[in-house]
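*Asks:* One structure follows; several queries about it will come next.
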């Protein structure tokens, strides 16, 4: 009986630990992002305006125009992770720009606390079952442009 209880507890702990490391898909209601913890709100995203806001940080996504084709039509999903060991990776949010037609996905990974750029990747389909993931190199000039278009904004208190 005790062995079954210990095994059950270990399985439960493993499932909790593995869930803690999974990205969570953030839902969008209009421009509002729903599903982030309170410390990362308000949270807004608009591809039309090319803006992402998390708490009191905002980034102008047009700053990626020399890295990603911005005029393409994309299906967009936004995963994030904040329940993991932050000594290895900071809490992060991704903007995944999917172009099924071209078989390409661009992923912009940003620090969830500061919106500082972590990386940009390109995933290309080379056959129905094979993909290549490439980290895109960003020039110093483009990195400066991205940093200059990331700003602190006033956080408007919410009424409770």
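The values are calculated or read from the model by the stated rules, or taken from the named source; none is laboratory data. Please read these numbers as outputs of a predicted model, since none were measured by experiment. All Cβ positions, glycine included, derive from the backbone under ideal geometry; neighbour counts span all protein chains shown.
*Asks:* Residues that are modelled with pLDDT of 95 or more, buried (at least 18 other Cβ atoms within 10 Å of the Cβ) and within 15 Å of the chain's Cα centre (by Cα): list the strands (runs of 3 or more DSSP E) wholly contained in the range 41-160 that include at least 2 such residues.
*Replies:* Correct list: 43-46, 51-54, 57-60, 75-81, 92-99, 104-111, 117-127.
*Asks:* Within the set of pairs 6+ apart or on separate chains, which have a first residue in the range 63-83 that is under 14 Å from residue 117 (Cβ atoms), a second that is in a strand (DSSP E or B), and C-beta atoms under 8 Å apart?
*Replies:* From the range 63-83, the pairs are 63/150; 64/108; 64/120; 67/120; 68/97; 68/106; 68/108; 68/120.
*Asks:* Please go through the range 99-112 and pick out each residue that is touching a helix residue (DSSP H, G or I) at 6+ places or on another chain (Cβ under 9 Å) and touching a residue at least 40 places away in the same chain (Cβ under 8 Å). Please lay out each step first, then the result.
*Replies:* Let us first name the residues in the range 99-112 that are touching a helix residue (DSSP H, G or I) at 6+ places or on another chain (Cβ under 9 Å), namely 106, 108, 112.
Listed by number, the residues that qualify are 108, 112.
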